[in-house]
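The values are calculated or read from the model by the stated rules, or taken from the named source; none is laboratory data. Nothing here was measured: the structure is a model prediction, and the numbers come from that model. Backbone-built Cβ (ideal geometry, glycine too); neighbour counts: all protein chains shown. The protein model used for the area step is the full one, side chains on, heavy atoms only, and it has no ligands, DNA or RNA in it. Shrake-Rupley method; radii C 1.70, N 1.55, O 1.52, S 1.80 Å.
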Amino acid sequence: MKIFVTGIGVVSAIGQDAEQNLRSLQSLTTGLSRSANFNLMLGEVRLSNEQLIEKLDLPNEDYSRTTLLAILAAKEAWSNNKINKSVRTGLISATSVGGLDRTEKYYFESQTSKTARTYSLMTHDNGRTTERVAAELGISGYIGTISTACSSGANAIMQGARLLEGNKLDRVVVGASEPLATFDVKGFSSLNIFDNEICKPFDDKRSGLNLGEGAAYLVLENEHSISVTGNKPLCMLSGWNNATDAFHQTASSPDGKGAYLAMINALAKAGITAGNINYVNAHGTGTSNNDLSESMALRNVFGDAMPSFSSTKGFTGHTLAAAGAIEAVYCVQSILSQAPLPNLNFSTPMKETNMTPETSFRSAKIDYVLSNSFGFGGNCTCLIFGKAW
Amino acid sequence: MYINAASTISHQPTFRNAGFSSNLRKLDPSSGLITPDYGDFIPAMERRRMSHVQKMAIACSLDCLQQAGIQQPDAIIVGTSMGCSINTKNFLDKILAATNGPLSPTSFIVSTHNTIAGQIALSLKNHGYNMTHTQNSLSFEQSLIDGILTIENGAQNVLVGGADEEEDTIYNMRARLKNEEIHLTCGASFFILSKNQDSITSARLVDVASFGLIDNTTGTIKNFLDTNNTLAEEIDLVLFAVSDQENKNDLKSIFQPWQMFDYQEITGTYYTNSSFAMHYAVDILSNKGHSIFGDKVKNILVCNNLIPGNLGLMLLKN
């Protein structure tokens, strides 16, 4: 069965729409900068909640930032799509913190103030943020939320594909949203894995990750749906798989077993071999553990014939649950631009694997792109996008 | 699709108590969670670091695998609305206490919703598909749909469950459901969903559906029954949850009062309580002749309308 990608939308530290994001990737311009709030290198979206509400022309309610970022990106992906009874349409969104950005604000304020707004306590659940996005697009029916930490976004996309393949839906908006919550900033800080400067994925001298925020959505359709909507395919979603590392709650296994399984199973699902892949958008967080484990898994999949690869986290930071969705949009753009995407800040290959990522934006034949996303709990997901022939 | 094992930890005597449906009473307002000796399932070192929801989920999972006589499921799928909310609250407290000092990451790394499914995989060393659905009151139904898709894609046995722990300082469920009277509880219910019927099969799962933001509950239920070639009067028992009288009236326009039973009288309220309702249904179907609903119960519909506009439907047969 063919699954067509017909719409994309993204907001991140390097742009407020797909076009702006692509221009930053082409011009090697990072979105990371030192945050005044946390004194850390962060990939912040340069719009306050108030500015987002105004930009989106939303009624003045309490919104989680997760919802606001999601609506901005989902509306761009949804574009001129309309609800049509003959096209069963759903929404699957992913988030890790959900409405926790509001909950924590209430929780911290309530320690000193008796007038802290308790409304926040009702926006905490992840599903609520997704429902608000669905309402904005006019979607009812299958509305789902996935939460698997840093692989969440990729899993929401995979879940959409599974529902199309299982003939439960004809068209589905899939993606993820994650704001920079104090909870996550403090949490990753407690793990001592921040790079105090801009991260250096796959570099021998890499010293950690930077956090970022953002949201991205794609519209997936089956053949029946595009015959009704008339939407033009941007590319195909060709393969997907989720596997578990089952090694440790937060660390990846030395040989990246979960990552390896996800990649080879996704290739099998797409009906292609490793040699068909022209570009790999790696998870590549910049931590010592991830990049080594992922490199070992890539070596085991591709052997000596490693295709172009990079991590785009030097542009956006690690946007946690949103990363898989933002990077999926970048993979679509890589196919449309016929160019692998660059990796910032690379100078020295890792001793253990001697692999050199792509460092410039240049033309190349791109038929298939593979995207990796890994999360806490050893959750490993691989997506494969193919050119629309 | 067959249910070849079921296990529930709840405020009721459900755990390792097959046939519980024949003598379950209405939930006592002062009831607490009835827990097994977790030492039988989880090594002490790991147990100390686990919150309620993780312990309940692991014990139910291992119980299910034992009942079905399988070592490894092909996939692990968990529905949880609030995830590890106690660990989340604990880390918020640590942030408040630490101001600028160092923070221990312990509760942070086990705060993500998928800690539950991830820990099950880690304890089994399972490398298969691992998913976490978190769509408030429909988290469990969506996990079941995912389980069915996984079996349609070739899996033999899938471990599917619903689990939520009680934590009301970071989420106000009473306010969200606009009902101050509800009895908040918690629990975990896990199942082995299988492609093949087995001698241990307790029920057949005919169909599951999840609907969000709908305005026509009755039409949606009628369509679901039509799709499954089942008439409303053929349903022997409708296990339902609603949050107000208006929603209950919708159900009454399709079903007769003697067909209907409010499962929240048994389960109490948590967002994945429909998983407990499904176990209740499975137990009734597999204990013919002993059910308080009579000895002719063959078709059960679990109708979860806990949040207005959100509707989960599960059709089970013996």
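Numbers below:
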| item | result |
| --- | --- |
| Test: residue in region B:266-287 that is in a strand (DSSP E or B) and open to solvent by 10 Å² or more (accessible area, probe 1.4 Å) | no |
| Complete set of residues in region A:249-265 that are open to solvent by 10 Å² or more (accessible area, probe 1.4 Å) and under 23 Å from A:LYS387 (Cβ atoms) | A:ILE264, A:ASN265 |
| Strands (runs of 3 or more DSSP E) completely within region A:148-267 that count 1 or more residues being small (Gly, Ala, Ser), under 25 Å from B:HIS113 (Cα atoms) and not assigned by TED's automatic domain parsing to the domain that holds A:PHE374 | A:171-178, A:214-221 |
| Residue check, A:GLU44 crowded, with 18+ Cβ neighbours inside 10 Å, among the charged types (D, E, K, R) and modelled with pLDDT of 95 or more | yes |
| Qualifying positions in region A:108-120 - surrounded by fewer than 24 Cβ atoms within 10 Å (Cβ to Cβ) and either more than 8 Å from chain B (Cβ to nearest Cβ) or in a helix (DSSP H, G or I) (or both) | A:PHE108, A:GLU109, A:SER110, A:THR112, A:SER113, A:LYS114, A:THR115, A:ALA116, A:ARG117, A:THR118, A:TYR119 |
| Residue tally, condition open to solvent by less than 40 Å² (accessible area, probe 1.4 Å) and touching a residue at least 40 places away in the same chain (Cβ under 8 Å), over region B:180-222 | 25 |
| Selected residue [at pLDDT 95 or above, buried (at least 22 other Cβ atoms within 10 Å of the Cβ) and either facing another protein chain (nearest Cβ under 10 Å) or more than 27 Å from B:ASN90 (Cβ to Cβ) (or both)] from B:GLU152, B:GLU141 | B:GLU141 |
| Restricting region A:343-361 to residues that are farther than 22 Å from A:ALA274 by Cβ and not aromatic (Phe, Trp, Tyr), the residue that is most open to solvent (accessible area, probe 1.4 Å) | A:LYS351 |
| Among the residues listed as B:ILE76, B:ILE70, the single one being touching a strand residue (DSSP E or B) at 6+ places or on another chain (Cβ under 6 Å), within 9 Å of another protein chain (Cβ to nearest Cβ), outside any helix (DSSP H, G or I) and farther than 18 Å from A:ASP101 by Cβ | B:ILE76 |
| Residue check, A:ARG162 under 22 Å from the mean Cα position of the chain (by Cα) and within 14 Å of chain B (Cβ to nearest Cβ) | yes |
| Of residues in region A:47-62 being acidic (Asp, Glu) and at pLDDT 95 or above, the one farthest from A:SER24 (Cα to Cα) | A:ASP57 |
| Total residues in region A:241-291, condition farther than 14 Å from A:CYS380 by Cβ, without any contact (Cβ under 8 Å) to a residue 40 or more places away in the chain and of a type in the set (Val, Ile, Thr) | 1 |
| Selection within region A:266-301 - within 14 Å of chain B (Cβ to nearest Cβ), closer than 22 Å to A:VAL332 by Cα and open to solvent by 60 Å² or more (accessible area, probe 1.4 Å) | A:ALA268, A:LYS269 |
| Verdict on A:ALA305 being among the aliphatic types (A, V, I, L, M), free of Cβ contacts under 8 Å to residues at least 60 places away in the same chain and open to solvent by 30 Å² or more (accessible area, probe 1.4 Å) | yes |
| Qualifying residue in region A:134-155 (condition: within 8 Å of chain B (Cβ to nearest Cβ), in contact (Cβ under 8 Å) with a residue 12 or more places away in the chain, touching a strand residue (DSSP E or B) at 6+ places or on another chain (Cβ under 7 Å) and over 25 Å from B:ILE307 (Cα atoms)) | yes |
| Number of the condition not met by B:CYS186 [criteria: (1) modelled with pLDDT under 95; (2) assigned by TED's automatic domain parsing to the domain that holds B:LEU149] | (1) |
| Lone qualifier among A:SER24, A:SER12, A:SER35 - being polar (S, T, N, Q), modelled with pLDDT under 95 and open to solvent by less than 60 Å² (accessible area, probe 1.4 Å) | A:SER35 |
| Total residues in region B:2-22, condition in a loop (DSSP other than H, G, I, E, B), at negative phi and in contact (Cβ under 8 Å) with a residue 24 or more places away in the chain | 6 |
| Residue ID - nearest to B:SER274 (Cα to Cα), chosen from residues in region B:197-216 that are modelled with pLDDT of 95 or more and among the β-branched types (Val, Ile, Thr) | B:VAL208 |
| Given (1) out of contact with any helix residue (DSSP H, G or I) (no Cβ under 8 Å at 6 or more places or on another chain); (2) open to solvent by less than 20 Å² (accessible area, probe 1.4 Å); (3) assigned to a loop (DSSP other than H, G, I, E, B), index of the condition A:GLY314 fails | (3) |
| Residue list for region B:163-178, filter: within 7 Å of chain A (Cβ to nearest Cβ), over 19 Å from B:GLN54 (Cβ atoms) and aliphatic (A, V, I, L, M) | B:ALA175 |
| Residue in region B:122-137 that is farthest from A:ALA321 (Cα to Cα), counting only those that are facing chain A (nearest Cβ under 7 Å) and open to solvent by less than 10 Å² (accessible area, probe 1.4 Å) | B:ASN126 |
| Elements of type helices (runs of 4 or more DSSP H) contained in region B:96-153, each with 3 or more residues being under 27 Å from A:GLY239 (Cβ atoms) and of a type in the set (Val, Ile, Thr) | B:139-152 |
| Residue in region B:84-103 that is buried (at least 21 other Cβ atoms within 10 Å of the Cβ), within 24 Å of B:ALA6 (Cβ to Cβ) and within 13 Å of another protein chain (Cβ to nearest Cβ) present | yes |
| Out of A:ILE83, A:ILE92, sole residue that is on the phi < 0 side of the Ramachandran plot and not in a loop (DSSP other than H, G, I, E, B) | A:ILE92 |
| Residue ID - modelled with the lowest pLDDT, chosen from residues in region B:224-248 that are among the polar types (S, T, N, Q) and in contact with a strand residue (DSSP E or B) (Cβ under 9 Å, 6 or more places away or on another chain) | B:SER243 |
| Residue match in region B:161-176 (condition: over 13 Å from the mean Cα position of the chain (by Cα), surrounded by fewer than 24 Cβ atoms within 10 Å (Cβ to Cβ), of a type in the set (Lys, Arg) and modelled with pLDDT under 95) | yes |
| Residue count for region B:179-213, restricted to those that are more than 14 Å from chain A (Cβ to nearest Cβ), over 18 Å from B:LEU159 (Cβ atoms) and small (Gly, Ala, Ser) | 1 |
